[in-house]
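The values are calculated or read from the model by the stated rules, or taken from the named source; none is laboratory data. Computed from a predicted structure; not experimentally measured. All Cβ positions, even for glycine, are placed from backbone atoms using ideal geometry, and neighbour counts span all protein chains on display. For accessibility, only protein heavy atoms count, side chains too; no ligands or nucleic acids. Shrake-Rupley method; radii C 1.70, N 1.55, O 1.52, S 1.80 Å.
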Amino acid sequence: MNKRVIYLLLSICGLIPFALDAQTAKWVIKPQYTSVTAYGDGMYKVKSGRSVGVLDMEGKAIVPVFADSITPLIEECALVLQYEEGKSRLKGILHGNRKMVSVTEEWFVDDFAFFSEGKLPVYIKNGKYGYIGPNGKLILDFDYGFVHPFSEGWAAVSK
């Protein structure tokens, strides 16, 4: 027999006593989340089923686990989104300082789901676009047929 095969067989035989002594682990506290990932400074994005949320280092909810999606932090702001009838409805704005601003208005985001120069393009059910600020307040009214993010103080829009 080849020396490699003999070495392999001896190695396997040496592991058998450990396998026979294996034990089954039991959860003392069952896990609540299907995933936990680092998210920003001192925050963790957690997932339970299809819903996501954000916790601080002590496990306290910054964003309760209800959202369908939470975008990455851009300009120290992340969007908390919930899907409704095939659209991404804005439910909140999470700031890098672990504060969340709730959004109760029926505002939606699409291709440009991020802040640029402190402005977020959003639209309402009739399809008209406007911009909101990081505080969740309207900056530019819903007068536009389509909008782009701001860059160097300018944004391409159409009426």
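For Tyr129, the requirement of being surrounded by 14 or more Cβ atoms within 10 Å (Cβ to Cβ) and either in contact with a Lys or Arg (Cβ under 9 Å, 6 or more places away or on another chain) or closer than 20 Å to Ala155 by Cα (or both) is met. Could you check region 66-106 and list, in sequence order, the residues that are touching a residue at least 24 places away in the same chain (Cβ under 8 Å), open to solvent by 30 Å² or more (accessible area, probe 1.4 Å), over 13 Å from Leu120 (Cβ atoms) and of a type in the set (Val, Ile, Thr)? Residues satisfying the conditions do not exist here. Checked against the criterion of being within 22 Å of Phe142 (Cα to Cα) and modelled with pLDDT of 95 or more, region 54-68 contains not a single residue that satisfies it. Look at Ser51 and say whether it is among the polar types (S, T, N, Q), more than 30 Å from Lys30 (Cα to Cα) and in contact with a strand residue (DSSP E or B) (Cβ under 8 Å, 6 or more places away or on another chain). Considered against the rule, which asks whether it is among the polar types (S, T, N, Q), more than 30 Å from Lys30 (Cα to Cα) and in contact with a strand residue (DSSP E or B) (Cβ under 8 Å, 6 or more places away or on another chain), Ser51 comes out as no.
Quick check: is even one residue across region 134-146 closer than 24 Å to Ser35 by Cβ, assigned to a loop (DSSP other than H, G, I, E, B) and touching a residue at least 40 places away in the same chain (Cβ under 8 Å)? Within region 134-146 (the criterion being closer than 24 Å to Ser35 by Cβ, assigned to a loop (DSSP other than H, G, I, E, B) and touching a residue at least 40 places away in the same chain (Cβ under 8 Å)), the answer is no, since none of the residues qualifies.
Cβ separations smaller than 6 Å between residues 6+ apart or across chains give the following pairs from region 48-63 residues that are within 15 Å of Gly92 (Cβ to Cβ) and assigned to a strand (DSSP E or B) to residues that are modelled with pLDDT of 90 or more and among the acidic types (Asp, Glu): Ile62/Asp56. Given the criteria under 28 Å from Trp154 (Cβ atoms), outside any loop (DSSP other than H, G, I, E, B) and in contact with a His (Cβ under 8 Å, 6 or more places away or on another chain), does Val101 qualify? Criteria met by Val101.
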